[in-house]
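Please read the structure below before turning to the comments.
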Amino acid sequence: MADVARIAGVSPALVSIVMRGVPGASDETRHRVKAIADRIGYVPDRRAQKLRQTQSRLLGVTFDLQQPFHGDLVEHVYTAAERHGYDVMLSAVAPTRDEESAVQALVRERCDVALLLGSGLGTRELTEIDARIPVVALLRSSGVDAIGSVRGDDVAGIGTAVDHLVQLGHRRIAHIDGAAAPGAEDRRQGFLAAIRRHGLDEHARVVAGGMTETEGAEGMRQLLASGEVPTAVVAFNDNSATGVLDHLLRRGIDVPGDISVVGYDDSRLSRIAHIQLTSISHDVAAVADAAVDSGLARLAGEQAEDVVLAPTLVRRRTTAVPRER
């Protein structure tokens, strides 16, 4: 900043005014100072600025690197945050980096709020984090009254998938679940409730799965090895569903001719040209907007709220009328 001031022939304080975008400098001075800053490569030190502020204007977000839907959601969080004059700091959860490490990075960077996507943390851990930084849980219920959440109605979402398959004429429908993943229990219960509603308990099956392609493929292998192969499968998420599709392809089983497949999340995976997966869709922009609004409301001292949004089904080419009616 001192270098910019010396070249421009102004005080460092005036350069600071220009760089912060606050009143106190003429348009001509602003233009000249910014041109000089660009020429010599000066970039404001945001970390130093944050130390002088009571708020960092940063929304922290943890997300799972292996979940395409999390990437879709993060994109919309950026847009929602920008509307409120906030920037976003991302901290990834990966096979070599656990969620606790991801959250602590947000705390160290003095983020004002933490938005936790698909968090696997328990109520004790969430409460401890919330004591340091307001938390909003995304894609699951927080399980803590003082901590808000923004999620889709997973019970209704899976029910919509079952309704779609029944309307097509399917009677042997299976669910490859998400094991202990956030939201898995709601989706499992939603599947069973919808099956009972249609009177199809006798032929319905739930097999253990997970969040990954490998777990989806293994769930499909178990179903094919069983005595009664389903004509339709509802997977826990789109990742799992792509594993199902890959396993069926390798076995020479036609989709949707022999087996229809439904995913969940309507992530970018589902829209790939050679996949075109029927999937349950969240309104991603609405989830992001509600998450940012909830986080900033907590920051302002308001009570936490649980926001539950209705999902919809997007039909593509992996579901059809079964050959066996």
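The values are calculated or read from the model by the stated rules, or taken from the named source; none is laboratory data. A quick note: this is a predicted structure, and the numbers were derived from the prediction, not measured. Here the Cβ is made from the backbone with ideal geometry for all residues, glycine too, and neighbour counts use every protein chain on show. These area figures cover heavy atoms from the full protein model, side chains too; ligands, DNA and RNA do not enter into them. Shrake-Rupley method; radii C 1.70, N 1.55, O 1.52, S 1.80 Å.
Between the range 8-44 and the range 82-158, the C-alpha centres lie 38 angstrom from each other.
Using DSSP, restrict attention to beta bridges with both residues in the chain and report what percent are antiparallel, rounded to the nearest 5. Bridges in the chain are about 10 percent antiparallel. Between the helical axis of 68-83 and the longest alpha-carbon principal axis of the chain there is an angle of about 40 degrees.
Placing +1 on each Lys and Arg Cβ and -1 on each Asp and Glu Cβ, with no other charges, gives the chain a dipole about its Cα centre of roughly 800 debye. Of the peptides 82-94, 257-269, the ranking by mean beta-carbon count within 10 Å, highest at the top, reads 257-269, 82-94. Per residue of the chain, the DSSP helices (runs of n ≥ 4 H) give a summed -39500 (n - 2.57) that works out to -13500 deg cm²/dmol at 222 nm.
Specify the inter-centroid distance of the range 268-324 and the range 191-266, based on alpha-carbon positions, in whole Å. Result: 20 Å between the Cα centres. Shown for the chain: the carbon plus sulfur share of the solvent-accessible area, taken with all protein chains present and a 1.4 angstrom probe, equals 49%. Using R0 = 56 Å, the C-beta based FRET efficiency linking Asp153 and Arg39 works out to 0.55. The angle between the Cα long axis of helix 184-197 and the longest principal axis of the Cα atoms of the chain comes to about 40 degrees, rounded to the nearest 10.
Surface analysis of the chain yields an accessible area of 47 Å² per residue, using protein heavy atoms and a 1.4 Å probe. Using a Gaussian network model of the chain in which every pair of alpha carbons under 10 angstrom is joined by a spring, one finds that among Pro95, Pro23, Pro68 the greatest mean-square fluctuation is at Pro23.
In the range 246-325, what GluC sites (Glu not before Pro) fall in a loop by DSSP, with at most 13 other Cβ atoms inside 10 Å?
Of the GluC sites (Glu not before Pro), the ones in loops of the range 246-325 whose Cβ has at most 13 other Cβ atoms within 10 Å are Glu302, Glu324.
Computed over the chain with a Gaussian network model linking Cα atoms closer than 10 Å, the most mobile of His247, His175, His203 is His203.
Between 0 and 90 degrees, the angle of helix 27-40 with respect to the longest Cα principal axis of the chain falls at about 70 degrees.
Taking the chain as a Gaussian network, Cα atoms linked when under 10 Å apart, which of Gly143, Gly216, Gly157 shows the biggest mean-square fluctuation? Highest fluctuation of the listed residues: Gly143.
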